[in-house]
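Heads up, the thing below is written out as structure tokens.
The values are calculated or read from the model by the stated rules, or taken from the named source; none is laboratory data. The model shown is predicted, which means the values in this text are computed figures rather than measured ones. All Cβ positions, even for glycine, are placed from backbone atoms using ideal geometry, and neighbour counts span all protein chains on display.
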Amino acid sequence: MANVKCNPDLVRERAKCSFDVNELIHLIDGGENATKEKRHFEETIFSVKELQDAVPEEYLSHKDRYENAVRKATILRDVCREYMKKYNYKPNRFRVGHGVFKDVSPFLLHDGMFVATIIGQGTPEQQAEWLPKAENMQIIGTYAQTELGHGSFIRGLETRATYDPKTEEFILNNATLSSFKWWPGGLGSTVNHCIVVAQLFINGKSYGIQPFIVQIRDLNTHKPLPGVKVGEIGPKMGFQTANNGFLGFENFRIPRMNMLMKNAQVLKDGTFVKGMNEKLTYGTMVMVRVGIVGDCSLNTSLAATIAVRYSAVRHQSKIKAKEPEVQILDYVTQQHKLFIAIASSHVFRNVYSWLSKSYLNVMKDLAQGKQDHLPELHATACCLKAVCSRDAGSVVEECRLACGGHGYMTSSNLPLVYGFTIATVTYEGEQTVLLLQTARYLVKAWLAALQGKVLAPSVSYLSDWLKNDNVRWQNTPEGIVKGFQHVAAGKVKAAYDTIQKYIKLGKDYEDAWNLASVQLMKASEAHSRSILCEVSWGEVIRTSASPNLLQVLKQLAQLYLVYWTLETSGDFLVYSNISKDDIAILREKYEELLAAIRPNAVGLVDAFDLRDEILHSTLGSYDGRVYERLMEEALKSPLNQESVNASFHKYLKPLMEKAKL
Ligand SMILES: CC/C=C\C/C=C\C/C=C\C/C=C\C=C\C(=O)SCCNC(=O)CCNC(=O)[C@H](O)C(C)(C)COP(=O)(O)OP(=O)(O)OC[C@H]1O[C@@H](n2cnc3c(N)ncnc32)[C@H](O)[C@@H]1OP(=O)(O)O
Ligand SMILES: Cc1cc2nc3c(=O)[nH]c(=O)nc-3n(C[C@H](O)[C@H](O)[C@H](O)COP(=O)(O)OP(=O)(O)OC[C@H]3O[C@@H](n4cnc5c(N)ncnc54)[C@H](O)[C@@H]3O)c2cc1C
């Protein structure tokens, strides 16, 4: 990239960077070798001509866009397969996917959830049967759980799987419209198999929801099998190429062994054997929630790169009347909008890495029959997924707005990035619903703290606070982290007390919970923020890097801490010993941090190492040829391929002529 002829502002920005950009790239990637491998893989993918679109896909019809996405998905699959064989390297398909599809792959659910559910929910025999076929794409699948009538409350799903011991089969039925599966990616026209999450019935008795692997289309003709009604749900706010679909069954029979039986089992005679913990059926969702925190880091870095580079190139208005128009990046308000995006991407990455480790540890424990840490993992993954996805959505939108009118252009790619980022707030568990799951855990932990019990590490601050809630405020990163824990503890206590108050007033527990649920949700958010702050600051101070880089990483981590303290200063005034003077000091600190980060802003986004083919943005490319690219992309509009459009003769001219009469 270094030889590209760049916009002079970007050249100047890069020259003043105080740290080694390559060092940060390697740190993010996990080592110099990892960067080399990543770059070689990406070079390979983006040199495949067939993966490059001649016409921007936004000009294609809904159908053509889908077909083009499937075409590219199959080529990408082949190239990846060959690459993996040749180099024994497992590539990150999600990252290059943004480049190849701009939006999302119609195989997203195959990779993200179908294969993962076979691994997580299938017995060794079931894995042996389906995993090789799924991994080499002999079968293509999705995860079909959500229905028209139920998404959040999965115990309320209506799709039925009734066991017939005579034939040793399950009979699938969707008797009501609300029971139709609705949303699964790839279901519309791509997949031939699904994991169907359905209510199990044996001899008229319900045994809760279970996962079934179901073939829905013929492997040769791709026609829906008899008894299957399947189709696509139509255009959405984003995810246009994900091919989300609907599905219903009418007396559709599948063999007994198609129920994934790693947890619960149905024996031939119809005996139901309970698993170790029925919530293990929800395992794929926990895994994907963890993954989404990592995805939030990538999505945020895409938007930050585009908006920061654009802000370095764009000049508008003046700070001083007699001086030239400034780079908009010099406006401190612009820095306020953008630097939190850079900082958030690093925070999400560090927290993702921490959460993934916890996830893997819990999986190891579960394999040995130990489930003590599962509730903590579930609670942590829920609130982090909810808060990171919401933050990522807000940050991406702020980056888009920070690009003014040009940020509204599809060719900036910011609208598309916003579309797939904001979807993460809803899918894999709607944010409020997940925050309230964590709140259940926090309330239990609070009760345990009141009873003097030892708490799990992520909530042990509740006991500390109970012992001493009168800690002197300190304007240091560690002091701020403590402050966030105090806010979280104070909010948990307030929510708990509110529940007790309603119970004393005669409400039953569930109504009291609902009445206190805004407070519960906020307590859960505060808990999540305290984890984000504690973990990210802890990761940064443990990072081994050159002094120059470490200084910048600390500035970003502190910016995150101070930004969120100021954003939620009302909470700090209520629940900690912060004073108005401390807030004034933090405001000053925040301004100092913005100024310190400013010279490194372009270097920092360069270090995300996002190729132009992944960014897909007229505003964010490495060379900063913003206006040239905007014009080049505009000229690709089909309306610019003719000097006079037919509508002039058909409608406009007659209209003008009528007006003359
Ligand atoms: C590898 C991935 C990498 C990157 C990601 C990128 C892309 C991802 C790929 C695909 C994504 C694209 C598309 C999206 C797909 C989907 O959206 S699939 C559908 C997802 N659906 C949901 O998430 C539904 C959300 N709802 C629920 O999860 C549940 O209904 C619930 C809200 C948790 C409530 O369940 P339930 O009513 O049964 O439970 P409660 O009565 O409220 O609680 C009972 C106790 O169970 C505990 N619990 C609940 N869930 C779990 C769990 N998963 N694990 C462990 N324990 C769990 C809960 O805490 C209660 O405990 P208690 O308080 O002690 O009683
Ligand atoms: C882009 C996209 C892709 C998706 N892909 C898939 C897929 O591949 N497979 C699949 O199975 N599903 C998929 N989904 C579905 C997704 O998982 C659900 O939409 C999601 O879980 C939310 O459920 P819901 O739509 O029923 O929302 P609802 O639960 O109806 O939410 C509506 C409102 O009700 C509130 N609410 C609901 N319950 C409670 C409660 N207990 N307490 C307080 N408030 C509550 C919510 O907070 C929200 O404000 C996808 C969705 C999207 C948007």
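Remarks
- Residue match in region 538-556 (condition: surrounded by 14 or more Cβ atoms within 10 Å (Cβ to Cβ) and closer than 25 Å to residue 431 by Cα): no
- Tally, over region 154-182, of residues that are surrounded by 13 or more Cβ atoms within 10 Å (Cβ to Cβ), farther than 14 Å from residue 246 by Cβ, touching a residue at least 40 places away in the same chain (Cβ under 8 Å) and under 27 Å from the mean Cα position of the chain (by Cα): 2
- Residues that are away from ligand 2 (no atom under 16 Å from the Cβ), at pLDDT 95 or above and surrounded by fewer than 17 Cβ atoms within 10 Å (Cβ to Cβ) occur in region 234-251; there is at least one.
Every residue, every condition in (1) more than 13 Å from ligand 2 (Cβ to nearest atom); (2) over 19 Å from residue 217 (Cβ atoms); (3) of a type in the set (A, V, I, L, M, F, W, C); (4) in the same structural domain as residue 241 (by TED's automatic domain parsing), yes or no:
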residue	(1), (2), (3), (4)
127	yes, yes, no, yes
139	yes, no, yes, yes
144	no, no, yes, yes
153	no, yes, yes, yes
163	yes, yes, no, yes
166	yes, yes, no, yes
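- Any hit, region 317-327, residues being surrounded by 15 or more Cβ atoms within 10 Å (Cβ to Cβ), more than 16 Å from ligand 2 (Cβ to nearest atom) and touching a residue at least 12 places away in the same chain (Cβ under 8 Å): yes
- Close pairs from region 114-126: first surrounded by fewer than 18 Cβ atoms within 10 Å (Cβ to Cβ), partner in a loop (DSSP other than H, G, I, E, B), Cβ under 7 Å, at least 6 apart: 123/261; 123/262
- If you go through region 378-417 and keep only what is among the small types (Gly, Ala, Ser) and within 16 Å of ligand 2 (Cβ to nearest atom), you end up with 379, 381, 386, 389, 392, 393.
- Candidates 345, 317 - the one that is over 27 Å from residue 531 (Cα atoms) and either among the hydroxyl-bearing types (Ser, Thr, Tyr) or not assigned by TED's automatic domain parsing to the domain that holds residue 560 (or both): 317
- The lone criterion from (1) surrounded by fewer than 18 Cβ atoms within 10 Å (Cβ to Cβ); (2) touching a residue at least 12 places away in the same chain (Cβ under 8 Å); (3) not acidic (Asp, Glu) left unmet by residue 86 is number (2).
- Of everything in region 394-434 that is touching a Ser or Thr at 6+ places or on another chain (Cβ under 6 Å) and within 16 Å of ligand 1 (Cβ to nearest atom), the residue that is nearest to residue 301 (Cα to Cα) is 396.
- One residue from 434, 401 being buried (at least 24 other Cβ atoms within 10 Å of the Cβ) and under 21 Å from the mean Cα position of the chain (by Cα): 434
- Hits in region 274-288 (condition: farther than 17 Å from residue 365 by Cα and within 7 Å of ligand 1 (Cβ to nearest atom)): 285, 288
- Per the listing 482, 491, 522, the residue uniquely away from ligand 1 (no atom under 16 Å from the Cβ), surrounded by 23 or more Cβ atoms within 10 Å (Cβ to Cβ) and closer than 26 Å to residue 293 by Cβ is 491.
- For residue 343, the conditions (1) within 23 Å of residue 438 (Cα to Cα); (2) surrounded by 24 or more Cβ atoms within 10 Å (Cβ to Cβ) all hold with the exception of (1).
- When 583, 578, 597 are checked against the criterion of being at pLDDT 95 or above, under 29 Å from the mean Cα position of the chain (by Cα) and of a type in the set (Val, Ile, Thr), 597 stands alone in meeting it.
- Number of residues in region 88-112 that are in a helix (DSSP H, G or I), away from ligand 1 (no atom under 11 Å from the Cβ) and under 14 Å from residue 43 (Cα atoms): the value is 3.
- Boolean, residue 75 is more than 14 Å from ligand 1 (Cβ to nearest atom) and either surrounded by fewer than 20 Cβ atoms within 10 Å (Cβ to Cβ) or closer than 29 Å to residue 434 by Cβ (or both): yes
- Taken together, the residues in region 284-316 that are of a type in the set (Gly, Ala, Ser) and either without any contact (Cβ under 8 Å) to a residue 24 or more places away in the chain or in contact with a Ser or Thr (Cβ under 8 Å, 6 or more places away or on another chain) (or both) amount to 5.
- Screening region 223-265 for residues that are touching a Pro at 6+ places or on another chain (Cβ under 9 Å), in a loop (DSSP other than H, G, I, E, B) and under 27 Å from residue 58 (Cβ atoms) and picking the one that is nearest to ligand 1 (Cβ to nearest atom) gives 244.
- All of 583, 578 fail the test of being under 30 Å from residue 446 (Cβ atoms), assigned to a loop (DSSP other than H, G, I, E, B), aliphatic (A, V, I, L, M) and assigned by TED's automatic domain parsing to the domain that holds residue 390, apart from 578.
- Test: residue 365 is surrounded by fewer than 18 Cβ atoms within 10 Å (Cβ to Cβ) and part of a helix (DSSP H, G or I): yes
- Residue among 627, 590 that alone is surrounded by 15 or more Cβ atoms within 10 Å (Cβ to Cβ) and out of contact with any Asp or Glu (no Cβ under 9 Å at 6 or more places or on another chain): 590
- Pairing each residue of region 371-388 that is farther than 17 Å from residue 530 by Cα with any residue that is outside any helix (DSSP H, G or I) and within 9 Å of ligand 1 (Cβ to nearest atom), provided the two are 6+ apart or on different chains, yields C-beta distances under 6 Å for 371/277.
- Yes/no for residue 306 being assigned to a loop (DSSP other than H, G, I, E, B) and either within 16 Å of ligand 2 (Cβ to nearest atom) or among the β-branched types (Val, Ile, Thr) (or both): no
- Selection from region 142-153 of residues that are under 18 Å from residue 282 (Cα atoms), surrounded by 17 or more Cβ atoms within 10 Å (Cβ to Cβ) and either touching a residue at least 40 places away in the same chain (Cβ under 8 Å) or more than 6 Å from ligand 1 (Cβ to nearest atom) (or both): 142, 143, 144, 145, 147, 150, 151
- Residue identified as more than 23 Å from residue 391 (Cα to Cα) and in a helix (DSSP H, G or I) among 526, 557, 512: 512
- Cβ-Cβ under 6 Å pairs, at least 6 apart or on other chains, region 417-440 side within 19 Å of residue 145 (Cα to Cα), far side near ligand 2 (Cβ under 6 Å from one of its atoms): 423/239; 430/152; 433/152
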